[in-house]
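Since every read-out is calculated from the coordinates, none of them should be taken as a lab result. Values in this document were obtained by computation on a predicted structure and should not be read as measured data. Methodologically, a virtual Cβ is constructed for each residue, glycine included, from the backbone with ideal geometry; neighbour enumeration extends over all protein chains shown.
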Amino acid sequence: MARIETPKRIRGTQDIFGEEQRRFAAVLDAFDRVRRLYCFQRVEIPIFEATGVFARSMGETSDVVSKEMYSFEDRGGDSITLRPEFTAGICRAFITEGWQQHAPMKLAAAGPVFRYERPQKGRFRQFHQIDAEIIGAAEPAADVELLVLADQLLHELGIADGVTLQLNTLGDAATRDGWRAALIRHFEQYRGELSEDSIARLDKNPLRILDSKDPRDRPVADSAPGIDEFMTAEAGAFFEAVTRGLDAAGVSWTRNARLVRGLDYYRHTAFEFVTDRLGAQGTVLAGGRYDGLIGSLGGPETPGVGWAAGVERLAMLIAEPAAENPDVIIAVEDDLALADAQRTLKLLRGEGLSADMIATGSPRKRFDKAAKVPAKVLVGLRWQDGRAVANIRSAADSDELGKVRRLLAEIAAA
Ligand code: ATP
Ligand code: MG
C-alpha cells in the first residue's frame, strides 16, 4: 500500500499551544484591557484587500510592498493581498464606510498579518499584530495619547523596564525636502560602500537607507546628518508638544534623530519601542503619524497617527503566565455515579466555576488521578446504598469550596 505523505505546516506559520498560547493570550488580554481604559473602540476589518490598498498607501518601493506581500489573483481575476498590516485597511474602511462623521476616531484592532519574509526567531510569515490608531486628529495630543497607551501596555505586561521608546520627527514637507537633499549628498559621497538595495533607494527614497538592516549600510547610515538642522518652526513646535506631553505623562523616551520608518506615509512623529532581549528582532512596537495617507487613497484629507506591535515578540518577553487550572475536579469512582457527576458539573459551571471530571480508566484509580490535578477542590463521587455520595477535599478554605459544599448539599437534599 502506498504510504500517505503526512501534511506539513507551511514555512513561517505557527501552531500555538500550551505555554506559548497562554503567553499569546496574555498579550491580547492586556491589550484589550488597556485599550478600553483609553476608550479605543475595537474594529474588525477584512484579512484581504485589493492589492492597490497596500501598494498605494505603503509605497511601491517599501520592503513590504516590493518583496513581502502575499498577493494572488482570485477566481474573478482581481489582484488580492493578504493584509501585511492594519493601518492601510483601516484607512480604506474609513473612506468606504464614510467614517468622517465619527472623526476623531480612536480604533483598536488585532489579528493575523502576512509577510513573505525569511522565517527566524521573532519573524514569521503569518504573525499577529495588535494595532491602535487615531484618525481625524491633527493635534500632537493624539500622538501623546497613543504613546502613553503603548507605555501603559508595556507596564501591564511587566516588560517596560527592558524596552526603550526611541522617538523622532520626520517633520513636515519642507523639513523633509531639506533633509532629503542633505541625505542624498551624504550617501552619494559613500556610494561605493552601500548595498545594492540602498544604491537603488538613493534616488527614489534616500530616507529608507537610514532604516536598512544590511550591515554594509549601517556605518554610512549612522553617520548621516540628522533632521534637526532642517526643521521648520512648525515642525519643531509639533515635536516639542509631543515630547512635553510625554514628559507630563511620565513616559520616558530617548531621541533617535536618524530613526525613520520603512513606509512612505509617515509625517512628523515616528517611534519604535526597542529591546535588546530579542536579538536582531528588537522592535516590539512601532508607528507614527500618517497625515497624507487617507488623502492619497482618494479619501478626504484626514490626519492620522497609529502604531502596531508584534504579539509574538511581546509574548516572548513576558513572564510565564499561570497555567489554567480547574476550580473543581470530580473523580467518578463508580460508573453508576456518572449521571450525578454530569449534573453536578453542569451546575458548578453554571455558577461560574471551572470544573472537569475523571471518569475513564479503572474506577479504583480515578480518585488518585484526580488528586494529581492542581484543582482547588477535589470531589470523589462513590455509589452507596443506591445513590451517589460525595467526598470533598480541599487544601484550603476558599469561595470555591463554599460553593461546592452548598451545591452538593442542595443536590443531596433534592
Ligand atoms: P522589522 O524591522 O522587525 O522588520 P517592521 O518595521 O517591518 O519590523 P512594522 O511594519 O512596524 O515592522 O510592524 C510592527 C511590528 O510587527 C514590529 O515592531 C514587530 O514587532 C512586528 N513584526 C513585523 N514583522 C514581523 C514578522 N515577520 N514576524 C513577527 N513579528 C513581526
Ligand atoms: Mg519588516
With bins 10 Å wide starting at 0, give me the P(r) of region 154-193 over every alpha carbon pair, in whole percents.
23, 25, 22, 23, 7
How much net charge surrounds Pro326 when only other residues with a Cβ under 12 Å from its Cβ are counted (Lys, Arg +1; Asp, Glu -1)?
-2
Excluding residues fewer than 8 positions from Lys376 in its own chain, the aspartates and glutamates with Cα under 18 Å of it are Glu324, Asp327, Glu351, Asp356, Asp368, Asp397, Asp399, Glu400
log10 of Debye I(q)/I(0), alpha-carbon scatterers only, for region 268-414 at 0.15, 0.16, 0.20 Å⁻¹
-0.77, -0.83, -1.14
Note down the net charge around Ala371, summing +1 for each Lys or Arg and -1 for each Asp or Glu among other residues with Cβ under 11 Å from its Cβ.
+4
Per 0.36 nm of contour for each residue apart, how much would the distance between Glu240 and Leu28 grow if the chain were fully extended, relative to their Cα-Cα spacing?
73.1 nm
If packing is taken as the average count of other Cβ atoms within 10 Å, what order do 163-175, 40-52 fall into, highest mean first?
163-175, 40-52
Using only the Cα atoms of region 172-247, what are the Rg and Dmax in Å?
14.1, 43
Two-decimal Rg/Rh of region 119-268 from alpha-carbon positions, Kirkwood Rh?
0.99
Expressed in nm², what is the orientationally averaged projection area of the convex hull enclosing the Cα positions of region 1-76?
10.1 nm²
Would you look at the GNM of the chain, springs on alpha carbons closer than 10 Å, and say which of Asp247, Asp334, Asp228 moves the most?
Asp334
Trypsin sites (Lys or Arg not before Pro) within region 172-218: which are DSSP loop residues with at most 13 other Cβ atoms inside 10 Å?
Lys213
At 20 angstrom or more along the helix axis (alpha-carbon based) and mean Kyte-Doolittle of 0.5 or higher, what helices does the chain contain? Whole DSSP H runs only.
140-156
Percent antiparallel among DSSP beta bridges (both partners in the chain, rounded to 5)
80 percent
Calculate how large, on average over all directions, the projected area of the Cα convex hull of region 31-159 is; give the answer in nm² to one decimal.
9.3 nm²
Shape of region 328-413, Cα gyration tensor, a/c cut at 1.5:
oblate
Check the straight Cα-Cα distances from Lys121 and name the lysines below 22 Å, setting aside those fewer than 8 residues away within the same chain.
Lys8, Lys67, Lys213
If you count, for each residue, the other Cβ atoms within 10 Å and average over each peptide, how do 386-398, 4-16 line up from highest to lowest?
386-398, 4-16
For each of Lys121, Lys403, count neighbouring Cβ atoms within 10 Å of the residue's Cβ, then give the residues from fewest to most.
Lys121, Lys403
Between Thr360 and Ala414, what is the spin-label point distance in nm, taking each point 7 Å from the Cα along the Cα→C-beta axis?
2.7 nm
Could you tell me how far the Cα centroid of region 239-297 sits from the Cα centroid of region 141-173, in Å?
7 Å
At 4 °C and 1.567 mPa s, what whole-number value in µm²/s does Stokes-Einstein give for the translational diffusion of the chain, with Rh from the Kirkwood sum over Cα pairs?
52 µm²/s
Please compute the contact order of the chain in relative form: average sequence separation of alpha-carbon pairs under 8 Å and at least six residues apart, divided by the residue count, as a percent.
16 percent
For region 218-313 the GluC sites (Glu not before Pro) that pass both the DSSP coil test and the at-most-14 other-Cβ-within-10 Å test are Glu301
When the chain is treated as a GNM, springs tying every alpha-carbon pair under 10 Å, which of Leu28, Leu336, Leu210 comes out with the largest mean-square fluctuation?
Leu336
What translational D, rounded to a whole number of µm²/s, comes out for region 95-192 from Stokes-Einstein when the hydrodynamic radius is the Kirkwood one over Cα pairs, at 25 °C and 0.890 mPa s?
139 µm²/s
